[in-house]
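*Asks:* To start, I am sharing the structure in question, which I have written as structure tokens.
The values are calculated or read from the model by the stated rules, or taken from the named source; none is laboratory data. No experiment lies behind these values; they were computed from the predicted model shown. Note: ideal-geometry Cβ built from the backbone for every residue, glycine included; neighbour counts use all protein chains shown. Note: areas computed on protein heavy atoms with side chains; ligands, DNA, RNA excluded. Shrake-Rupley method; radii C 1.70, N 1.55, O 1.52, S 1.80 Å.
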Amino acid sequence: LGLRISRGGGFWHLHGETDKGRAVEVVKSFYRATRGSIRTMGIGDSPQDLSMLEAVDVRIVIPGPPWAAHLLPLRELKHALLARRPGPEGWSQAVFEALESSA
């Protein structure tokens, strides 16, 4: 049927032949066509985010709880920043640090 299953942070997702990385590529092409050169940032915490993180310039991985062994592939993503804390606190801190370092 052309369906795929991917694992998110808390759920399994059933979807067609698309993923977050393809969505990022569409958005990037629109912004490049209308604004020129852009720099992209992605934040993820689950295997479902891997394609999105591979499609952006700045990759931030939000750590999960120690029992979340299924998140390990994200921690091994090349050139990714690992947030110091899980959840919203880690998200906020990592975004500010990434923005400061790219300024």
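Listed here are the residues, each with its yes/no results for (1) among the β-branched types (Val, Ile, Thr); (2) under 22 Å from ARG84 (Cβ atoms).
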residue: HIS13; (1), (2): no, no
residue: LYS20; (1), (2): no, no
residue: ALA23; (1), (2): no, no
residue: LYS28; (1), (2): no, no
residue: ARG35; (1), (2): no, no
residue: ARG39; (1), (2): no, no
residue: ASP49; (1), (2): no, yes
residue: VAL58; (1), (2): yes, yes
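*Asks:* Between a residue in segment 82-103 that is under 14 Å from GLY44 (Cα atoms) and any residue that is in a helix (DSSP H, G or I), which pairs come within a Cβ distance under 7 Å, given they are 6 or more apart or on different chains?
*Replies:* From residues that are under 14 Å from GLY44 (Cα atoms), the pairs are LEU82/ARG75; ALA83/GLY90; ALA83/TRP91; ALA83/GLN93; ALA83/ALA94; ARG84/GLY90; ARG84/GLN93; ARG85/GLN93.
*Asks:* Looking at (1) open to solvent by 30 Å² or more (accessible area, probe 1.4 Å); (2) within 24 Å of GLU89 (Cα to Cα), which is the only condition VAL61 fails?
*Replies:* (1)
*Asks:* Mind checking which residues of segment 73-100 are exposed (fewer than 14 other Cβ atoms within 10 Å of the Cβ), part of a loop (DSSP other than H, G, I, E, B) and out of contact with any strand residue (DSSP E or B) (no Cβ under 7 Å at 6 or more places or on another chain)?
*Replies:* GLU76, LYS78, ARG84, ARG85 - these are the residues of segment 73-100 that are exposed (fewer than 14 other Cβ atoms within 10 Å of the Cβ), part of a loop (DSSP other than H, G, I, E, B) and out of contact with any strand residue (DSSP E or B) (no Cβ under 7 Å at 6 or more places or on another chain).
*Asks:* Now, a different point. Select from segment 17-53 the residues that are under 14 Å from the mean Cα position of the chain (by Cα), within 23 Å of PHE96 (Cβ to Cβ) and open to solvent by less than 50 Å² (accessible area, probe 1.4 Å) and list them in ascending order.
*Replies:* Correct list: VAL24, THR40, GLY42, ILE43, GLY44, SER46, ASP49, MET52, LEU53.
*Asks:* Here's a follow-up. Test PHE30 against the criterion of being out of contact with any Leu (no Cβ under 6 Å at 6 or more places or on another chain), over 22 Å from ASP19 (Cα atoms), at pLDDT 90 or above and hydrophobic (A, V, I, L, M, F, W, C), and give yes or no. Reasoning before the result, please.
*Replies:* On the way: out of contact with any Leu (no Cβ under 6 Å at 6 or more places or on another chain): yes; over 22 Å from ASP19 (Cα atoms): no; at pLDDT 90 or above: yes; hydrophobic (A, V, I, L, M, F, W, C): yes.
In short, no.
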